Amino acid sequence: MKPDSKIYVAGHRGLAGSAIARRLTAGGYSNIVHRTHAELDLTDQKKVKVFFESEKPEYVILAAGKVGGIYANNTYRAEFIYQNLMMECNVIHASFEHGVQKLLFLGSSCIYPKHAPQPMKEEHLLSGVLEPTNEPYAIAKIAGIKMCASYNRQYGSNFMSVMPTNLYGPGDNYDLENSHVLPALIRKIHEAKTQGAKEVIVWGSGAPKREFLYSDDLADACVFLMEKYNASDVGEFVNIGVGREITIRELAELVADVVGFRGVLVFDGSKPDGSPRKLLDVSRLQALGWQAKTGFREGITKAYSDFLQNVAKVA
């Protein structure tokens, strides 16, 4: 990519997309194109086609999608599979039709089977049954991977797919019903602290292990791949993560420490845990020359600072 290349970032207001847009700007790219959902509904094929015809982006980063935690994934199953499938199909096909030089599609680590070997390697895709609570979302993301791979194989396009682990960072969604575990914990524990509560209820047993990647690190990895590699270099897709995991109990304790909450954490085992482990094998990406830089406590501290400035302050 050149500094003046026209780059379309789909989903620029989301956690991943906003980080990618920041990273591109910091890297000297000056011709970044984006649209809000109100301006361009990516589930509308005709509107997407008109956008590509008028803007003619040279590069596309597809970070748009309907995302959420266990509750949202399990409750709004139809919306998760429909909206994500439609966005992927419309943007990827339009990119092919209009000769986009390179596309980067962002998936999710939930594409892997519920009981996949740990850490999860790229070749474990479709080797077992998916986690039931997020199956519709996972199927949509798997379809995006296969769509990119199919267009590459049949038409010689250059559509890369990456699978990030659980993300957190500036601009996260802190809604208690629809957010992921880490931002939900930040909000819940912060509110408990400000209200003087003596305890915080945490969903699940606390035993499952998760991996978390700071959003600016994800953005750096995506731009690194867009600048230095093609789809043929990375295979069908490549994992993006830190290669380390933490239990939900340890996570909650760390968030409580960063927030300054001195009460008791109570784990509600009647609520679903989700997959027992979700650790990515990131050896393929490291072999390409990239690894995460942000430490976990450092990242949570930055995320909490963003929450205080942009969510708690407004509330």
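Assorted remarks:
- Selection within segment 195-216 - touching a residue at least 60 places away in the same chain (Cβ under 8 Å), surrounded by fewer than 23 Cβ atoms within 10 Å (Cβ to Cβ) and assigned to a helix (DSSP H, G or I): ASP216
- Among residues of segment 64-96 being of a type in the set (S, T, N, Q) and either open to solvent by 50 Å² or more (accessible area, probe 1.4 Å) or at pLDDT 95 or above (or both), the one that is nearest to the chain's Cα centre (by Cα) is ASN84.
- Restricting attention to segment 116-140 and to residues that are in contact with a Ser or Thr (Cβ under 8 Å, 6 or more places away or on another chain) and over 14 Å from VAL238 (Cβ atoms), the residue that is modelled with the lowest pLDDT turns out to be GLU131.
- Where a residue in segment 44-57 is open to solvent by 50 Å² or more (accessible area, probe 1.4 Å) and its partner, wherever it lies, is part of a helix (DSSP H, G or I) and at pLDDT below 95, with Cβ under 8 Å and at least six apart: none
- Set side by side, the residues SER150, SER127 differ, and just one is among the polar types (S, T, N, Q), assigned to a helix (DSSP H, G or I) and surrounded by fewer than 22 Cβ atoms within 10 Å (Cβ to Cβ), which is SER150.
- Boolean, GLY99 is closer than 22 Å to MET160 by Cα and open to solvent by 10 Å² or more (accessible area, probe 1.4 Å): yes
- Hey, VAL282 farther than 23 Å from ILE201 by Cα and touching a strand residue (DSSP E or B) at 6+ places or on another chain (Cβ under 7 Å) or not: yes
Here is a yes/no grid of residues against (1) touching a helix residue (DSSP H, G or I) at 6+ places or on another chain (Cβ under 9 Å); (2) farther than 16 Å from VAL181 by Cα:
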{"site": "SER215", "(1), (2)": "yes, no"}
{"site": "CYS222", "(1), (2)": "yes, yes"}
{"site": "LEU225", "(1), (2)": "yes, yes"}
{"site": "TYR229", "(1), (2)": "yes, yes"}
{"site": "ARG249", "(1), (2)": "no, no"}
{"site": "ALA256", "(1), (2)": "yes, no"}
{"site": "PHE261", "(1), (2)": "yes, yes"}
{"site": "ASP268", "(1), (2)": "no, no"}
{"site": "ASP273", "(1), (2)": "yes, no"}
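- Taken over segment 36-57, the criterion of being part of a loop (DSSP other than H, G, I, E, B) and over 13 Å from VAL91 (Cα atoms) is satisfied by THR36, HIS37, ALA38, GLU39.
The values are calculated or read from the model by the stated rules, or taken from the named source; none is laboratory data. What you are looking at is a predicted structure, and each value in this text was computed from that prediction instead of being measured. No Cβ is skipped: glycine too gets one built from the backbone with ideal geometry, and neighbour counts run over all protein chains shown. Accessible surface is based on the protein model in full, side chains and every heavy atom, while ligands, DNA and RNA are left aside. Shrake-Rupley method; radii C 1.70, N 1.55, O 1.52, S 1.80 Å.
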